[in-house]
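Just below is one structure, and these are the notes that go with it.
The values are calculated or read from the model by the stated rules, or taken from the named source; none is laboratory data. Note that the coordinates shown come from a computational prediction; the quantities given were computed from them, not determined experimentally. All Cβ positions, even for glycine, are placed from backbone atoms using ideal geometry, and neighbour counts span all protein chains on display. Note: areas computed on protein heavy atoms with side chains; ligands, DNA, RNA excluded. Shrake-Rupley method; radii C 1.70, N 1.55, O 1.52, S 1.80 Å.
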Amino acid sequence: QVQLVESGGGLVQAGDSLRLSCAASGRTFSRYAMGWFRQAPGKEREFVAAIPWSASSLYYADSVKGRFTISRDNAKNTVYLQMNSLKPEDTAVYYCAARIMVASTRPNEYDYWGQGTQVTVSS
């Protein structure tokens with residue numbers, strides 16, 4: 001069982017940066033792939049970024065590539081999403097998710113989810 005708690009969201013202006021954190025419980029965090037997803041009002045949940053247990057590869061949605069960076073610190077049981085050059089279209093609730101070992105871009109392949117953190121980018 002893994003429990004996830006996101007933090008770091010807020011209201012920023014276009015062009016600003018934010019760093020989201022997702023703290024995980026459990027002693028086997030290093031075995032889990034982690035993903036970030038987001039959901040805007042009236043839209044489906046969409047993939048943002050993912051990192052496998054080994055951090056050997058990083059995966060990004062085209063819409064955030066070059067602006068967002070996913071990373072993990074297994075010693076702290078935490079995954080991060082550094083978001084730079086934020087745009088109003090990045091406004092959404094951001095969720096972190098976990099699944100064993102292999103990263104995926106599909107939300108239905110993740111077993112554990114956090115409660116989400118709101119990111120609002122004003123123009």
Inset, instruction - Give, in nm to one decimal, the length gained when the segment between LEU58 and ARG106 is fully stretched (0.36 nm per residue of separation minus the Cα-Cα distance). - result: 15.8 nm
Inset, instruction - Find the accessible area per residue for the chain; the probe is 1.4 Å, ligands and nucleic acids are left out, and the unit is Å². - result: 52
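At 0.36 nm per residue, minus the direct Cα-Cα distance, what do GLN39 and ALA23 gain on full extension? Give it in nm, one decimal, please.
On the way: separation 16, 0.36 × 16 = 5.76 nm, distance 1.97 nm.
Extending this stretch completely gives an extra 3.8 nm.
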Inset, instruction - Lys and Arg at +1, Asp and Glu at -1: add these up for the other residues within a Cβ distance under 14 Å of VAL48 and post the number. - result: +2
Legend entry - Rg/Rg_ref, the range 28-73, where Rg_ref = 2.2 N^0.38 Å and atoms are Cα: 1.24
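Counting residues in the range 84-123 as N, plug N into 2.2 N^0.38 Å and put the Cα Rg over that result. Provide the component values of the computation, followed by the final result.
Numbers: Rg = 12.7 Å, N = 40, 2.2 N^0.38 = 8.9 Å.
Here the answer is 1.43, to two decimals.
Given the chain, report the % of alpha carbon pairs whose separation exceeds 22 Å. Write down the numbers at each step before the final one.
On the way: 1906 of 7503 pairs.
Within the chain, distances greater than 22 Å cover 25 percent of Cα pairs.
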